[in-house]
Structures are given as C-alpha cells and as structure tokens.
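> First the structure, which I've put down as structure tokens, then a few questions once you've had a look.
None of the figures in this text is laboratory data; all of them are computed from the coordinates on show. What you see is a predicted model; the values in this text were computed from it and never measured. Because the Cβ atoms are built from the backbone with ideal geometry, glycine has one as well, and the counts that use them run over all protein chains shown.
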Amino acid sequence: MILLCSPDELAEGQSRGFEAEGLNLFVVRRQGRAFAYRNRCPHREIPLGYDAERFLDASGRLLQCGHHGALFLIETGECIQGPCLGDALDALPCHEDERGIWLDEAGEL
C-alpha cells in the first residue's frame with residue numbers, strides 16, 4: 001500500500017493528482033468516498049488533466065478530459081459524452097482510513 005495523502009488534504013468535491021511508483025494517477029472525493037484512476041484518457045491515451053489539480057468539469061459532478069472535453073462518471077469512470085463514449089477510465093484500488101488515502105496493491109500496477 002502507498003499513502004497518497006492525509007484525509008484532510010482532499011476535501012469533498014475536490015480532485016488531486018499524484019505520482020506513485022511511476023504511475024500517474026488522480027483521486028477525487030465524492031459523497032465522502034475516494035475514487036482513484038490512472039491519469040489517462042481512453043481516447044488518445046494522454047493525461048486527463050492539464051495540471052495536477054483539475055480533473056472535474058465546471059459543475060464538479062463529472063470528470064472531464066482537459067484536452068477534448070470528454071465527460072466521465074466519478075463513481076465508475078465511464079465516459080458519458082465525447083469521442084470515447086462507452087469507454088472508461090482505468091480505476092485503481094484505493095481505500096481510506098483515519099491516517100489517509102491509500103493506493104492498494106501498488107506492486108501489481
């Protein structure tokens with residue numbers, strides 16, 4: 001397991017990028033739960049965000065590719081609008097406890 005951040009470093013409705021074991025990823029908190037994904041759009045296999053903190057659309061309810069505007073569900077990573085419609089982001093196993101948000105099974109990523 002790899003500690004990504006403390007619980008208070010990712011507020012509700014926020015996203016944050018990380019580098020862990022050579023993996024570019026991001027975590028977003030929605031309804032008290034942390035969701036982790038590879039920072040890679042399925043359309044062109046390029047990073048989803050322009051910077052390490054911007055992965056959400058203007059409403060804060062969907063993930064958005066900063067390059068071509070594809071929209072993804074936070075809870076599943078499924079693309080619901082854009083050129084990769086029906087594809088999904090690569091979800092990464094994570095969990096949260098009182099010490100922080102953890103990336104699980106990092107050796108297998």
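> Which residue, Leu63, Gly32, Ser15, has the largest displacement toward the positive end of the dipole of the chain when charges sit on each Cβ (Lys, Arg +1; Asp, Glu -1)?
Leu63
> Moving on to the next point. Please list, in chain and number order, the residues 5+ apart from Ile74 or on another chain whose amide H is under 5 Å from its amide H, with Hs placed from the backbone.
Those lying under 5 Å, H to H, from Ile74 are Leu63.
> In Å and whole numbers, how far do the C-alpha atoms of the stretch 59-109 stretch along each principal axis, longest first?
Extents along the principal axes, in whole Å: 36, 27, 17.
> Could you tell me what percent of the DSSP beta bridges with both partners in the chain are antiparallel, to the nearest 5?
That works out to approximately 100 percent antiparallel.
> Next up: With a Förster radius of 25 Å, plug the Cβ-Cβ distance of Arg61 and Glu98 into 1/(1 + (r/R0)^6) and report the FRET value to the nearest 0.05.
Calculated transfer efficiency: 0.35.
> Taking 2.2 N^0.38 Å as the expected size of a compact globular protein, what ratio does the Cα radius of gyration of the chain give against it, to two decimals?
That ratio works out to 0.99.
> Per the Debye formula with a single identical scatterer at each Cα and no solvent contribution, what log10 I(q)/I(0) holds for the stretch 1-50 at q = 0.13, 0.16, 0.21 Å⁻¹?
For the stretch 1-50 at q = 0.13, 0.16, 0.21 Å⁻¹, log10 I(q)/I(0) is -0.31, -0.47, -0.77.
> Within 10 Å, at most 13 other Cβ atoms, and a DSSP state outside H, G, I, E, B define an exposed site. Report the longest part of the chain free of exposed GluC sites (Glu not before Pro).
The longest uninterrupted stretch comes out as 22-44.
> Using a 10 Å Cβ count of at most 13 others and DSSP loop calls, identify the longest part of the chain lacking such trypsin sites (Lys or Arg not before Pro).
1-43
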